[in-house]
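The values are calculated or read from the model by the stated rules, or taken from the named source; none is laboratory data. These figures come from a predicted structure and were not determined experimentally. Glycine gets a Cβ as well: all are built from the backbone with ideal geometry, and neighbour counts include every protein chain shown. Areas reflect the complete protein model, heavy atoms only, side chains present, ligands, DNA and RNA absent. Shrake-Rupley method; radii C 1.70, N 1.55, O 1.52, S 1.80 Å.
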Amino acid sequence: MLEPQYEFELDEAFAKIRESLQGEDMEKFRSDFLDYHLYDQAQIYLALAPEERIAMYNYLSVNEMADMFEIIEEDVESIEAYLLEMNNQYAADMLANMYADNAVDMLKQLKDERIWLYLRLMPIEAAKEIRALLNYEDETAGAIMTPEFVSIVANQTVRSAMAILKSKAPDAETIYYIYVVNVDNVLVGVISLRDLIVNDEDMMIGDIMSERIVSVNVNEGQEDVAHKIRDYDFLAVPVVDENNVLLGIITVDDIIDVIDEEAVSDFSGLAGVDVEEQSENPFVAASKRLPWLITLLFLGMGTSTLISQYEGLISDASILSVFVTLITGTSGNAGTQSLAVAVRKIGMQDDEEKNLFRTILSELATGVISGLVTGVTIALVIGVWKQNFILGGIIGISMLVAITVANLAGSLIPVLMDRLGFDPAVASGPFISTFSDLTSVLIYFNIAKHFINTLM
């Protein structure tokens, strides 16, 4: 959420920019607009009407627009409408002047014919780089890497390496790491900008570079790349092919986007709804949520059918019906908690057999302890409240077993789904809750059946 003072300043800036656009005062517009931070420029641009944005394209160069669009791409659901406002050549040149990985992210939102139109209009070298990235499978290292990096060779001095760095820095996405390659472009070392600065200018790169390189394969999944950058606290990581040829780098800002995407995906799965749903139309929003709700409705009918099988038991001891929702609700909450922990553990790549087994055992033990404490508590409360400790014991034992089973299911189901190659977050909170309803009803009434004579 924007701070009130910042929001006020942005409104004031927006008014000034709009006034210069409407007055067709290009000099004043450029002076005011380019004085703002890129993020502020993007917010102003998005707030303008289409005809005002079209006027902007006559006042800003493709380089200036490209810098701003690097920010805009993260703030809008689809970039297509904004690109279609531009002249085709202007849009193509703007995309060509962006970092290749960001340009690819935008192009992937467009129809194929539009992509190839822009590629034909781009300079040959830029189009070649973008085509290469477009060919990589989505959600792999190749799809999110950028070819804009600085590389040097080992048999040169720090002085000559600094000269290369200065010449390539304007086009590189980051210069904090400089990668050392041989004549075949095979990655052989890495050196930091700090190392270049603090070492003597006559030192050889081969003497000060680090040969212990952490890299990722071009076909590696983006989640694995994110974990590697997180584990090593890198600002960037090199991307290589099967022959260790350096193809590009992935920077931490791209990984932040990946982590955000994965978090949204997991949260959407746990909630059973797309949390990035942008539509304010209730009919559109409902159409996206209904499939899950209808599916869960039919699963819920299984619980109702199961309860109907115990009508005779309920008619003999109607007090049992009072506590059904208490047991199903509590076990459902416990299952959802266990699910969240299991999905998180899987997301952290604790994927060794012993770690997964330990996770399941830990959640099972947690379920037993939680169920025991909850069961004893509710048994005492109901025993005193209803003055019937037999009833309290039935509820308490049912609670213990139901929570234990829910915890086991919450940890086991996502692990099994992950093993089968499905997204473990799809084992959503609503699904686990419905599953827990079925099992807890079955447990509750079967336990009650054994004590029915003492209740009557």
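Taking all C-alpha pairs of segment 1-154, those more than 20 Å from each other amount to 53 percent. The simple spin-label model puts a point 7 Å past each Cα toward its Cβ; for His227 and Thr295 those points are separated by 2.5 nm. With the convex hull drawn around the C-alpha atoms of segment 121-221, the volume per residue stands at 115 Å³. Shape analysis of segment 45-125 yields a ratio of the Cα radius of gyration to the Kirkwood radius, Rg/Rh, of 0.92. Remark on segment 196-264: hydrodynamic radius 13.7 angstrom, per the Kirkwood mean of 1/r across alpha carbon pairs. Semi-axis lengths, largest first, of the ellipsoid equivalent to segment 22-80 are 18, 13, 10 Å, with √(5λ) applied to each eigenvalue of the Cα gyration tensor.
For the chain, lysine pairs with C-alpha atoms less than 27 angstrom apart, excluding pairs fewer than eight positions apart on the same chain, total 13.
Here r is the Cβ-Cβ distance between Ala132 and Leu193 and R0 is 25 Å; the resulting FRET efficiency, rounded to 0.05, is 0.40.
Here the dipole of the chain is about 2540 debye; that uses its Cα centre as origin and unit charges on the Cβ of Lys and Arg (positive) and Asp and Glu (negative).
A straight line joining the Cα centroids of segment 140-175 and segment 186-226 runs 11 Å. Sorting the Cα pairs of the chain by distance into bins of 10 Å, from 0 upward, gives 4, 15, 19, 19, 16, 12, 9, 5, 1, 0 percent per bin. Per residue, the chain exposes 52 Å² of solvent-accessible protein surface, assessed with a 1.4 angstrom probe and all protein chains in place. Near Ser338: Cβ cut-off under 12 Å, other residues only, Lys/Arg at +1 and Asp/Glu at -1. The net charge is +1.
Quick check: at a probe of 1.4 Å, how many percent of the accessible area of the chain sits on carbon and sulfur atoms? Reported share for carbon and sulfur atoms: 57 percent. Between Ile314 and Lys166, the contour length at 0.36 nm per residue exceeds the Cα-Cα span by 45.1 nm.
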